[in-house]
Structures are given as structure tokens and as C-alpha cells.
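The values are calculated or read from the model by the stated rules, or taken from the named source; none is laboratory data. Fair warning: this is a prediction, and the values are worked out from it, not measured in the lab. Counting neighbours? That spans all protein chains shown, and the Cβs are built from the backbone with ideal geometry, glycine included. Surface accessibility is based on the protein's heavy atoms, side chains included, excluding ligands, DNA and RNA. Shrake-Rupley method; radii C 1.70, N 1.55, O 1.52, S 1.80 Å.
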Amino acid sequence: MRPILMKGHERPLTFLRYNRDGDLLFSCAKDHTPNVWFADNGDRLGTYRGHNGAVWTCDVSRDSSRLITASADQTVKLWDVQSGAELFTFRFDAPARSVEFSIGDGLAVITTDNFMENVPTVQVKRIADDPDDQSEESLLVIVGIRGRITRAVWGPLNKTIITAGEDATIRIWDTETGTCLRQSDPEQGHQKAISSLSKSADWSHFLTGSLDKSAKLWDTRTLTLIKTYVTERPVNAVDISPLLDHVVIGGGQDAMNVTMTDRRAGKFEAKFFHKILQEEIGGVKGHFGPINALAFNPDGRSFSSGGEDGYTAFEKRPKVLG
Amino acid sequence: MAVEAAAATQKIRWGELEEDDEGDLDFLLPPRVVFGPDENGLKKVVEYRFDDKGNKVKVTTTTRVRKLARARLSKSAIERRSWPKFGDAVHEDVGARLTMVSTEEILLERPRAPGSKAEEPSASGDPLASKSGAVLMVCRTCGKKGDHWTSKCPYKDLAPQAEAFVDRPPTADGSGPSGGAVKGAYVPPSLRSGAVDRVGHDMRRRNDENSVRVTNLSEDTREPDLLELFRTFGPVSRVYVAVDQKTGASRGFGFVNFVHREDAEKAISKLNGYGYDNLILRVEWATPRPN
């Protein structure tokens with residue numbers, strides 16, 4: 001398999017997201033400008049210029065018309081996917097870390113970092129159909145989590161919000177009241193900061209990756225630990241195959257320490273594990289730095305990885321997996 | 001269309017022409033005409049031919065042409081395909097080559113068999129082990145670890161090491177002996193095979209470990225002199241004297257790497273303050289560079 005290498009970013013990649021049809025791939029990087037690519041041949045369709053800081057995450061609406069991006073410049077921006085036009089800017093007092101559209105694209109959950117004297121928050125905003133009606137007011141603000149919240153995603157039917165962060169705890173919140181419904185067991189759960197969270201195709205379970213060198217599979221409703229996948233390096237990115245019982249885990253040590261250690265200890269490969277047997281299936285090499293972002297195409301036949309080296313690699317799925 | 005049709009009629013197989021004489025009458029027939037496909041995908045082909053009795057027959061064939069999109073592409077996805085580029089992608093020139101197909105075949109690597117798996121942790125832990133002085137027996141000629149010393153290497157004749165490194169300029173010293181790394185095209189470090197990597201490691205280790213700095217050397221001291229002086233204390237893996245590139249004169253300092261740390265200690269204690277030529281040597285541990 002010869003992957004397609006896409007060099008659209010000058011700084012490390014932070015996040016990758018396919019649209020629902022799997023024909024567009026959105027990439028975010030620390031270089032302020034998210035890109036969109038055709039997922040079948042890797043041609044760049046366009047760029048979204050306007051952010052003034054690293055872009056941490058993005059999400060695309062179900063009909064692929066709107067893009068929402070969260071950036072370290074303390075804003076979250078709404079974009080028109082087709083033209084690259086900026087539709088609206090939400091302003092915050094702290095860098096925005098994570099963003100996701102709800103089912104139906106009527107709401108968006110946004111997390112902001114702990115910055116200066118601000119506490120980290122999870123905020124829910126209403127997304128208007130017409131950008132002119134868009135308001136900045138938050139429907140719900142959740143505070144009380146210590147440490148940065150790296151991911152906040154919607155639970156089934158928009159009834160819950162699942163958060164994961166640097167305090168290594170996963171929490172499920174009620175969307176109506178903003179109360180914490182469940183909290184992961186500190187003994188079973190991650191021991192170090194959670195870096196990534198990815199839901200299964202039917203949202204019944206989700207996978208979290210942590211710097212404690214493991215990835216864990218959780219039940220979305222009960223928050224019970226289902227499986228644990230152990231690797232040798234901190235996990236920066238995870239995703240669940242929508243097609244087969246596979247999970248892919250990417251990572252590598254901190255970019256800061258890469259030059260100081262043996263490259264064999266780096267393990268900059270995307271590792272495939274069997275979801276149920278928890279066995280390692282294989283690894284796909286290719287990056288020269290830690291993998292920061294991983295995303296399966298919704299058809300399950302290919303996946304993309306984004307690395308600290310600034311490359312997005314779009315990889316055809318190896319045949320042996322099928 | 002007309003041109004295409006004409007081309008089709010002219011294409012008469014010579015083999016058929018010889019077999020039946022009527023074949024040449026095909027020239028008398030009107031050319032094949034193709035209509036459509038129209039918006040419903042209907043294509044009409046009108047052809048003329050002679051039947052068995054020599055009568056001219058008009059044959060009209062109507063077919064429906066359907067374009068098959070790949071099933072997984074939705075309508076909106078196909079529409080998105082024709083979207084114009086925007087942002088930085090508009091001004092992208094062909095030479096930019098943002099998107100490339102990897103020249104390298106990347107395979108899904110299966111985890112190693114249990115037998116070889118046991119070996120891996122020791123290999124990755126090796127740099128640490130050698131740092132503490134546990135694994136020091138490394139052949140510089142063939143890169144084999146723990147098997148034999150460089151001087152007893154069975155492949156010694158292939159790479160005349162001892163003479164080479166003494167007289168060679170320091171820059172060549174780095175890349176020269178590690179022949180494996182310079183073979184063929186450039187391979188990024190993350191993809192090099194284990195053997196090549198090991199050589200790369202040894203090179204670095206050789207420069208860092210048990211290194212003794214010798215200063216206040218006289219101007220005409222050369223590497224062989226220094227080797228002569230230091231080899232009495234134990235096996236020496238590297239000798240280097242800094243030479244001014246312009247004048248060719250010694251800059252008055254050099255480095256000696258010992259295989260054993262104890263030997264290096266001995267050499268420092270004995271030779272520091274030792275009178276050599278007309279100067280008093282200063283011998284000390286080489287401190288690693290700050291960067």
C-alpha cells in the first residue's frame with residue numbers, strides 16, 4: 001500500500017475529521033489554517049483562513065455545509081465549507097480546545113482551557129440555521145472540572161455530554177441540568193491525562209487514549225470499562241473502525257523528548273488492535289514524529305493519520321485487515 | 001461523431017477480405033452513424049450491412065447508457081467533487097506538490113513472533129546498558145555486538161580501520177566507517193533497518209563515551225603520536241586532534257576515546273601534567289557539548 005502524503009501544514013497536525021460521506025477530509029494544525037482535502041485522491045479543496053492561533057479541533061455538519069473550528073486564539077469559528085467564508089466567531093476568555101456538533105447540528109459543545117485565572121469550562125451554544133441569527137450566548141456552562149478538558153462530545157440523543165481531560169477522569173453530564181451523572185472509576189480508569197476520545201459508529205461505546213500508554217473502551221451509557229489496549233508509548237490519537245472490530249491507536253513520545261531517546265523507543269506508528277480480543281494486529285509506519293491525529297474514513301476502508309511532522313498521510317487500508 | 005464513424009468503417013479486416021469477395025462491397029455502404037446518448041441515456045447506432053443474399057440491410061441498435069458512480073459516493077459528494085477551490089488552494093501551482101503518493105511501500109507490520117520478541121526489549125534497552133558500561137564489546141568493522149573486538153573481526157581485511165581513522169580528517173571519520181549508511185538512496189532514520197541503526201548508535205556513543213580531552217598539545221602533535229601515547233593505558237577506540245583547516249597546523253587540543261572507562265581514568269591520572277614535547281599536557285574528561 002502506498003499512502004498519499006498531503007503536506008498542507010507547516011506545523012504539527014492536531015486533528016483530522018472526515019465528513020459523513022467520507023469524501024472530504026478536514027485537517028487542523030498548529031499553523032492557524034485548517035485545510036480540506038478530497039479524501040479519495042488527496043487534492044486540496046481549500047483552506048479556512050482567519051484564525052490567529054493553533055487550531056485544536058474541528059467538526060463538520062452532517063450535510064457537510066458547515067465547519068466549526070476551535071482555536072487557541074480564544075475563538076471558535078463557523079465556516080461555510082464550500083467557499084471557506086467565515087460565518088460567525090464565538091469569543092472566549094481562554095483558548096478553545098474541543099468542539100463538536102450535536103445530532104441535528106442545532107447545538108455545539110465547546111470546551112475552553114484553564115488559562116490565567118479562568119477555570120476550564122464546557123459550553124453549549126445554539127447553532128442557528130441562518131448565520132445572521134447566530135448569537136454568542138451559551139445555553140449551558142459546565143464548570144468544576146480541574147485541569148484542561150481535552151475532549152467533550154455528545155452522548156446519544158444529545159441527552160448527555162461526555163468529557164475527558166487532563167485529570168484522567170471521564171465524566172458524563174446531563175445536558176439539561178448540567179449535573180454530573182457518572183464518573184469513571186479512578187482505579188479502572190486512566191492514570192494520566194486523556195489525550196483523545198473517539199466514538200464508535202453507533203455511539204454505543206467510545207475509546208479514549210491516554211498518556212498512560214493505554215487506550216480504553218467504555219460503554220457510553222453506563223461508563224463501564226469494556227476493554228483496555230496497552231501499548232509502549234503515550235497515546236495521542238485513537239479511532240474505532242466503523243467496518244470491522246478494529247481500533248487504531250497512534251502516539252509516540254512527547255515531541256519534546258524525541259531527539260533525546262532512541263528512535264526505536266519512539267514507535268511512531270499507527271497500531272491496529274483487535275477490538276474484542278485486545279490483541280495487536282499490526283502497525284503502520286510512515287511518520288517521522290508522534291502521531292497526533294487519526295481518523296477512519298466512514299466507509300472503513302481507509303484511514304488518515306496526522307503527525308507532529310506536519311504530514312497528513314492518507315492510507316489505504318492494508319489488505320490483510322479485511 | 002462522423003469522423004469516428006468513418007474511422008470505424010475503414011477498419012476492415014484484411015483476413016476477411018481475402019476469404020469472401022463480397023467484403024470489398026462494404027465500401028459502398030453508408031457509414032455507421034451514432035446518435036446520443038441523450039439526456040435519458042439512450043444511444044442509437046445505425047449501421048448498414050449486406051445479408052447472406054446480398055441485400056442491403058439497415059440495422060438500428062438502441063442502447064441505454066448508464067453512468068455508474070461508485071456506490072458509496074452520495075449525490076452530494078459527487079456535487080462536492082466539482083466545487084471550485086478556495087483559499088490557498090486556488091493559487092496552488094502544479095509544482096507545489098502538496099499531495100504526493102508515497103514512493104515507499106508501507107506495509108502493515110505484524111507483531112514479531114514470540115521468539116524474536118524477547119530480543120527486542122534488550123535491543124531497545126541497549127543504549128542505556130552501554131552507557132553504564134555493561135555492553136562495550138562492539139566491533140566497529142562489522143557492527144556486531146558482544147561477539148569479538150574490532151581487532152579480531154573476521155571482516156577486518158575488508159575495512160582497514162586502524163590506519164584509516166588515524167589519518168583521516170575528522171569529518172570523514174564520522175561517515176566513512178559506517179559504510180552501511182551511505183549505500184544507496186537516503187533512508188530516513190525511522191525506516192532504517194536495525195543493523196544500520198546500530199552502527200549509527202555506535203558512532204554517537206564512540207564520540208561521547210569515555211572521551212578524554214587533551215589540551216596544551218604542541219603544534220606538531222598528530223593523531224598517531226597521541227595514539228602512541230595513550231594506547232599504553234588500554235584499548236583506544238578513537239583519537240582525534242583538532243587541526244586548523246586553513247593552516248593545517250594543530251590547534252593544540254584533541255580527544256581520545258577509550259573502550260574502558262577505567263583505562264580512561266588511569267590515563268587522566270597519569271598523563272595530566274605530563275611533559276610532552278616542550279609543553280605540559282592537560283588531560284581531563286571531555287564534557288559533553290551543551291547542545
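Numbers for the structure displayed
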quantity: Two-site FRET efficiency, residue B:60 against residue A:244, from Cβ-Cβ distance with R₀ of 56 Å, rounded to 0.05; calculated: 0.65
quantity: Cα shape, region A:3-316, gyration tensor, a/c 1.5 rule; calculated: rounded
quantity: FRET efficiency estimate (nearest 0.05) - Cβ-Cβ, residue B:101 to residue B:46, R0 60 angstrom; calculated: 0.85
quantity: Derived scalar couplings ³J(HN,Hα) [region B:101-108; Karplus, 6.51 cos²θ - 1.76 cosθ + 1.60; whole Hz; x for Gly, Pro]; calculated: 8, 4, 6, 9, 6, 10, 10, 6
quantity: Between region A:133-198 and region A:65-98, the Cα center-to-center distance that results, in Å; calculated: 20
quantity: Summed residue charge, Cβ within 13 Å of residue A:161's Cβ, Lys/Arg positive, Asp/Glu negative; calculated: +3
quantity: Pairs beyond 26 Å (Cα-Cα), from A:30/A:227; A:7/A:216; A:159/A:199; A:159/B:85; A:77/A:213; A:7/A:77; calculated: A:30/A:227; A:7/A:216; A:159/B:85; A:77/A:213
quantity: Net charge contributed by nearby residues that have their C-beta within less than 14 Å of residue A:151 (K/R +1, D/E -1); calculated: 0
quantity: Nitroxide proxy distance, nm - points 7 Å out along Cα→Cβ at residue A:232 and residue A:43; calculated: 4.2
quantity: Taking chain A and dividing mean pair separation by its residue count, relative contact order in percent (alpha carbons under 8 Å, at least six apart); calculated: 14
quantity: Where A meets B: accessible area buried, both sides, 1.4 Å probe, Å²; calculated: 4100
quantity: Shielding of B:79-86 by partner chains, average beta-carbon count, 10 Å; calculated: 6
